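Data first, discussion second: the structure below is written as structure tokens.
The values are calculated or read from the model by the stated rules, or taken from the named source; none is laboratory data. What you see is a predicted model, and the numbers here were worked out from it, not measured in a lab. When we count neighbours, we look across all protein chains shown, and the Cβ atoms used for this are built from the backbone with ideal geometry, even at glycine. Each accessible area value is taken on the protein alone, full model and side chains, heavy atoms only, with ligands, DNA and RNA left out. Shrake-Rupley method; radii C 1.70, N 1.55, O 1.52, S 1.80 Å.
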Amino acid sequence: MTAEEVLAQVAAEVQVCSKCDLCKNTTHGVPGEGSPHAEVMLIGEGPGLREDKLGRPFVGPAGHFLDELLAAAGLNRASVFITNVVKHRPPDNRDPLPEEIAACSDYLTRQIAALNPKIIVTLGRFSMARFFPTAKISQIHGKAKLIDGRVVLAMYHPAAALHQQALRQTLLDDFMTAIPAALAEAQRLAAEGTLGAPEDRGKDEPPSPQQLSLFG
Ligand code: URA
């Protein structure tokens with residue numbers, strides 16, 4: 001199947017998903033959207049009120065700031081793919097529960113595999129935890145790491161800057177400098193065959209548990 005086909009299939013499954021209780025009392029599933037050829041994949045936490053109404057990710061206040069952040073990195077919505085760890089809105093925007101994240105995990109796994117992005121940008125601690133289970137966001141934000149053949153960059157959640165003004169500039173700086181640098185490094189790794197899921201790289205060895213720091 002092509003990337004378009006996998007993404008469309010995941011989106012269709014999300015719309016009728018009842019793997020956990022989050023689907024109850026929501027208006028739309030929010031599978032994610034963007035280019036099937038995106039080099040940059042952004043993963044947030046879960047849909048909010050406006051996202052639930054429209055069935056689209058990051059279209060509320062945090063989304064408006066995300067648009068600004070993408071522009072700072074020289075990107076726009078059409079060129080990236082944006083999704084969340086959970087695809088239905090948690091009631092009252094509460095944190096997603098571990099069992100809800102687990103129930104939704106396969107959708108994200110399939111989206112990542114289909115897109116095969118050059119870099120993955122996590123937004124906030126829930127998507128960060130998928131790749132860096134024990135990390136502290138204050139310590140690793142803006143630092144690209146190579147994990148199982150993928151360049152992953154953890155960022156603060158754009159909504160955090162709406163509550164904490166000081167984080168606004170941190171996020172702008174991270175997007176402006178770390179994303180272009182991580183993309184350039186990912187291109188280099190791709191050229192030498194280091195990038196991609198282990199099965200795509202034709203390697204038999206198990207993925208290294210070591211996280212290779214790309215930029216300190
Ligand atoms: N916050 C998120 O994490 N995701 C969205 O889609 C919107 C707000």
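Antiparallel DSSP bridges in the stretch 1-123: what percent, to the nearest 5? Antiparallel: roughly 20 percent of the beta bridges in the stretch 1-123. The accessible-area ordering, largest first, of the residues Leu7, Leu49 stands as Leu49, Leu7, per a 1.4 angstrom probe. Comparing Gly63, Thr122, Gly46 along the charge dipole axis of the stretch 1-159, the residue lying farthest to the positive side is Thr122, per the Cβ-charge model. If you take the Cα centroid of the stretch 146-189 and the Cα centroid of the stretch 89-125, the two points sit 17 Å apart. Derived from the Cα gyration tensor, the three semi-axes of the equivalent ellipsoid of the chain are 25, 21, 16 Å, largest first. For the stretch 134-150, backbone phi angles converted through the Karplus equation (6.51, -1.76, 1.60; θ = phi - 60°) give residue-by-residue couplings of 10, 6, 9, 5, 5, 9, 10, 4, x, 10, 6, 10, 9, 10, 6, x, 10 Hz, Gly and Pro being listed as x.
Exceedance of the 19 Å cut-off in Cα-Cα distance is limited, within the set Lys87/Lys143; Lys19/Lys87; Lys24/Lys87, to Lys87/Lys143. Less than 5 angstrom separates the built amide H of Ile147 from those of Val152, all sequence-distant by 5 or more or on a different chain.
Accessible-area rank, largest first, for His28, His88: His28, His88, with all protein chains present and a 1.4 angstrom probe.
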